[in-house]
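What follows is a short report on a single structure.
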Amino acid sequence: MITWELILALAIYNFIMYVTPGPNNSILTASGIKFGFTRSIPNVLGIPTGHGLQLALVCLGLGSLFIRYPIVFDILRYVGSAYILYLAYKMFGSLNITKTEDRSRPLKYYEAILFQFVNPKAWVICSTAVTLYYPINENIIIGTLFMVIMSTLVNIPSISIWAYGGSVIRQYLNNQKLKKFIESVLAILLILTAVSVFFYNA
C-alpha cells in the first residue's frame, strides 16, 4: 500500500543515494566542466532513464535472480568495479578543456542509459530500494510504476547539481593547480566507489 509515510521515506532514501558521490555524479561533474551544463543534459536525462529500467527489472523479478544466484550479482560488482577504476584512471588529465573539446564529446543519451547496467552502485541502489520500500500488497504494475516515478522525480534534480557545479567550476580551470586538484578529487571518489561496491555484502 502506498502511503505518504512511504513516499517521504523513499524520497529521502533516493535523494541521499543520488546526490552523494558515485560514478554518475563524477562523470556529470567532469562533463559539466568540459562541455558546460547544456551539452551535459542528454547525460543528465539518460541516467534516470537507465536507472528506471533497472529498477523496473528488479521490481519485476530480477532481484530474485540475484538472491537465487548471488554469483550473478558478484560478477556484476567485479566487472563494474573494474570499469569504475578504469574511469578513475582516465579522469587524470581529462579536464584540459582546450584539448578535450576538440577530441571528445559529452556522453550521449543512450550511452548514459547503457552505462547504468555496468554501474554496480546503481544496481545496489535498486536492490536496496525494492527490498526496503516496495509497497506491500500492491499490484505489481502500480508498485513498479510508483518506484520508477519516485526514482525519476528525485534523480534528475539530485544529479543535475553535479553537472551544474561542473559548469561553474569550468570558468576557473585556467588555474592548473585547481584543475589537478579537481581531477584528483573526482578520481578518488570513483576509486572509493569502486572499492565500496567491490566489498559490498548484499
Can you sort 123, 4 by how many other beta carbons sit within 10 Å, fewest first? 4, 123
Expected max-MSF residue from 105, 170, 39 in the GNM of the chain (alpha carbon, under 10 Å) is 105
Points 7 angstrom from Cα along the Cβ direction at residue 4 and residue 105: gap in nanometres? 4.8
Over all pairs of distinct alpha carbons, what does the Kirkwood formula give as the hydrodynamic radius of region 101-202, in Å? 16.8
Sequence of 152, 131 once ranked by neighbouring C-beta atoms within 10 Å, starting from the fewest: 131, 152
Estimated 222 nm signal from helices in the chain, with DSSP H stretches of n ≥ 4 weighted -39500 (n - 2.57), rounded to 500: -26000 deg cm²/dmol
Calculate, for residue 178 and residue 89, the FRET efficiency according to 1/(1 + (r/R0)^6) with r their C-beta to C-beta distance and R0 22 Å; round to the nearest 0.05. 0.60
State to the nearest 20 debye the size of the charge dipole of the chain about its Cα centre, where the only charges are +1 on K and R beta carbons and -1 on D and E beta carbons. 800
Under Stokes-Einstein, with the Kirkwood radius over Cα pairs standing in for Rh, what whole-number D in µm²/s applies to region 4-198 at 4 °C and 1.567 mPa s? 75
Of 113, 150, 140, farthest towards positive along the dipole that unit charges on Lys, Arg, Asp, Glu beta carbons give region 4-198: 113
Between residue 71 and residue 199, what length in nm is gained on full extension when 0.36 nm per residue of separation is reduced by their alpha carbon distance? 44.7 nm
Which residue, chosen from 169, 47, 1, occupies the Cα position most advanced towards the positive end of the dipole of the chain, where the dipole is computed from +1 (Lys, Arg) and -1 (Asp, Glu) charges on Cβ about the Cα centre? 169
With no solvent and one equal point scatterer per Cα, compute the Debye intensity ratio I(q)/I(0) for region 1-88 at 0.22, 0.23 Å⁻¹ and report its log10, rounded to two decimals. -1.27, -1.28
Ordered by fewest other Cβ atoms within 10 Å, a rough proxy for footprinting exposure, 128, 144 read 128, 144
Relative contact order [Cα under 8 Å, 6+ residues apart], the chain, whole percent: 47
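Bear in mind these aren't lab numbers, they're just calculated from the coordinates by the rules spelled out. Bear in mind that the values here come from a model prediction, so they are computed numbers and not experimental data. Backbone-built Cβ (ideal geometry, glycine too); neighbour counts: all protein chains shown.
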